[in-house]
Each structure stands twice: as C-alpha cells, then as structure tokens.
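Structure, as structure tokens:
The values are calculated or read from the model by the stated rules, or taken from the named source; none is laboratory data. From a predicted model like this one, the values you see are computed outputs, not experimental measurements. Counting neighbours? That spans all protein chains shown, and the Cβs are built from the backbone with ideal geometry, glycine included. Quick note on the areas: whole protein, heavy atoms, side chains included, nothing else; ligands and nucleic acids left out. Shrake-Rupley method; radii C 1.70, N 1.55, O 1.52, S 1.80 Å.
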Amino acid sequence: MIKWKVYVDNNGTTPLREEVCQLITKTLKCGWANPSSQSDEADEAARLIKISREKVCNVLNCSEEEITFTSGGTESNNMVLNSISKLYAKPHIVVSAVEHDSVSACARNLNKQGLITLTEVELNSDGNILPEDVCAACTSETRLVSIMLANNETGVVFDVATITRLVKKERPGLLVHTDAAQALGKIPVDVSALGVDYLTLVGHKFYGPRVGALYHRLTAPLLPLLFGGGQECGMRPGTENTPMIAGLGLAAQLASQGLSRHSRHMLKCRDYLESRLLETFGDKLVINCKDSPRLPNTSNFAIFLENCRSVNVLERVKFVASKGAACHSHTATKPSQNLLNSGVSYEVAMNSIRVSLGIHNSIEDVDFIIEDLIKVTNELAQL
Ligand SMILES: Cc1ncc(COP(=O)(O)O)c(C=O)c1O
C-alpha cells in the first residue's frame, strides 16, 4: 500500500473513496454476469448499471438516454470531436489554447488530416478565456465549440455558461462541448445551467474508478468511436465494465452530495497555503492566475531564490505535487505550454509547482508543505 507523507496531486488523480472501493469489490464478486445475458445474475448486473446511470443523471441534471459510459475522459473527448468531424463536411471547430491533450491533440490531428479546420482561442494574461473572444472565433462554418470547464494546471474556471449563451445566440445550431474532468466535486456541474450539448466526466478525478462518461443532449448528434455488440445504445459497444460503472455512479453521487462541505474545506486549505506561502516567501513568490476565478483546490505557484534566478524545488520536496498535467512529459528544458498559454512567463512556468488539494488534505498537511519548502529552499540557497 502506497503511503505518501502528503499527497497534493489530486488534479492528476484521486484515491478511491472507501465506499466506492467497497461497491466495486462487491460488484466484482456478485455483479460479474454479462448484463446482456438472460439470467437473474445478468439482470442484477444490468440493474447495477442502471442505478449508476441514474446517479450520474441526478448529479448532472439530465436523462438516462443522455449518458454513455466510456473508458475515461480521453475517450469521451475524442468521441465528441470525431463525431463532429464525420457528421459535417470539413467543419470548423473552436477550442481554447489550454485544453487537455485529449481535446487539443485530437483536434490538431483531425485538422492535420484535413477533416476539420481549427481555431485555438488565446487566453488573457490571467489565464482566463473571454466569452467574446470565443464568439469572435466562430464563423458560419463552425459546428463545435469545445471549452473546458476548469483548467487542470492553473485551476482557472472558465465561464462556459456565458460562452454557450453567447455563441448559441449568435449562431443558432452550433454545438458546445465542455470537458468537466476537473470540475465535479469542486464546483457545481449542471448541464442545464451550462447549456452545453456534450460534457465529459472522469471518475478518477472525483475519488472514483478510472472510467468516464459522456453526456450528450438528446438532440445533439453523436457517432460511436467503436463498433461491436451494440451496448450503450450502440454508442459504446463492448461488454460493460459493470464494477467500474457502478463505482463511477456512487463516486459522482458522493462528490455531489459533499460538494459544499468539501469545496469549503479545500478552499480553506488552499487559502491558508497561499497566505503562508506569501508570508514565508514574500516577493520571491509568484502565484499564477490568482486573479481569475479558480477551483477551490488548486494553487499553481513558483518560488524564486536570491542567489539563483530560479529554482525548481519540486524534485527535492517530500510532498507529492506536480509540475503540471500528469500526462504531459515535462523536461528540465521545457515548461508547460498550457501555462505559457495562460499568460505565465517562461521563467515562472519553468519553475511552477501545482498543488492540487483533495478532500482528505488538512491544515496540518499545508503546514508540512510550508516547512518542507522552507527546508528545501534553505538548502538550495546554501548551494
Ligand atoms: C481536463 C482533463 N481532461 C481530460 C483528462 C483525461 O482523462 P483520462 O486520462 O482519464 O482519459 C484529464 C486527465 O488528466 C484532464 O485533466
């Protein structure tokens, strides 16, 4: 069993909640029958999937036909972009300049193949995207706008509700997707309030298993990525992963039920972290995108030492944080492109640390982080 001193990389992935782990284990033992078979056991497996779908629908405020279970965020995001590329003749797609790779790499690949045209909308100097800039990027050829609900590196929350309202007013019929991987369990996620046509959910970002879901409005067109046995109304064929699907529904329900308590707690810890960082490191500290609305759990910052122009302390600390998106390979010579695109300078981006707190972190964990940072920066200053 992994036992880290302090784990603050929850935007990378979260540990399974105990209740979710128990349900998955029970389903592995008692719900293993093929949900499409004809038996009481198969009916039980199908019932567990139905219960999970109902839970996800209650959380997102949608109907059961509008949810497709997938293997995760990468698949959900790819499914939306690929669908649009096939449904229309060379459609124009608009995304932000800081989407997760599962949107941006997919879009760039479709663009490279000549299947779509693509605009990546730039952000302002504080890592936020202006709804009017998204609107201005849309043309009569635009079929899809895909803007994430919250950024995984900076934690900046984008105003997707306003973006949707503006672009749909200006261009009726245009479809909007949001990647809400980082949002559930941290901020409210309601498809009706957001007005979106597609929304991506990722279980392992809210203490659930490593599977996902895609919300697709009943009237929004969607094509499967895979072809096979017709499961999930043909949208996601393949024998269902019943235990993980069951766990996803419960994790979503628990995340939603605990939202105000957990987000208040994480915000308290994040604000305490930033005030202690400021009091400890003063003008040697840069907190990225701090003037934009941010997720309650995320702080992205860099510390500069007097005798060095900049130092990355992350390699020496005992707490577990990250340099940025866990799935990007960061080298000593290459900062996160998404941080640069969020208005962060090259030098700051090179040395930035992302602390993403979770529901299990405490004020004591923050004290540990600060003490650890003081120790490491003192050591580095002596070098
Ligand atoms: C914003 C965002 N979207 C999508 C994903 C992809 O999720 P997965 O790697 O589980 O497919 C991630 C995971 O890091 C993410 O942070």
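Assorted remarks:
- In region 134-192, residue nearest to A252 (Cα to Cα) [restricted to those that are touching a helix residue (DSSP H, G or I) at 6+ places or on another chain (Cβ under 6 Å) and of a type in the set (G, A, S)]: G185
- Residue ranges of strands (runs of 3 or more DSSP E) in region 7-124 with at least 3 members farther than 26 Å from K205 by Cα and touching a strand residue (DSSP E or B) at 6+ places or on another chain (Cβ under 7 Å): 117-121
- Any hit, region 259-275, residues being more than 16 Å from the ligand (Cβ to nearest atom), on the phi < 0 side of the Ramachandran plot, part of a loop (DSSP other than H, G, I, E, B) and in contact with a strand residue (DSSP E or B) (Cβ under 8 Å, 6 or more places away or on another chain): no
- Flag if V94 is surrounded by 20 or more Cβ atoms within 10 Å (Cβ to Cβ) and within 16 Å of the ligand (Cβ to nearest atom): no
- For L314: the one exception among (1) touching a strand residue (DSSP E or B) at 6+ places or on another chain (Cβ under 7 Å); (2) modelled with pLDDT of 85 or more; (3) not acidic (D, E): (2)
- Residue pairs meeting the criteria (Cβ under 6 Å; at least 6 apart or on separate chains; first free of Cβ contacts under 8 Å to residues at least 12 places away in the same chain, in region 136-156; second open to solvent by 10 Å² or more (accessible area, probe 1.4 Å)): none
- Restricted to region 199-238, and to residues there that are more than 14 Å from the ligand (Cβ to nearest atom) and in a helix (DSSP H, G or I), the residue that is most open to solvent (accessible area, probe 1.4 Å) is C233.
- Positions within region 14-27 being within 16 Å of the ligand (Cβ to nearest atom) and surrounded by fewer than 17 Cβ atoms within 10 Å (Cβ to Cβ), in sequence order: P15
- Condition met for N109 (buried (at least 19 other Cβ atoms within 10 Å of the Cβ) and not basic (K, R)): no
- Condition check for V134 on (1) surrounded by fewer than 16 Cβ atoms within 10 Å (Cβ to Cβ); (2) more than 16 Å from the ligand (Cβ to nearest atom): one failure, at (1).
- Filtered residues of region 334-377 (kept if out of contact with any Phe, Trp or Tyr (no Cβ under 9 Å at 6 or more places or on another chain), surrounded by 24 or more Cβ atoms within 10 Å (Cβ to Cβ) and modelled with pLDDT under 95): A349
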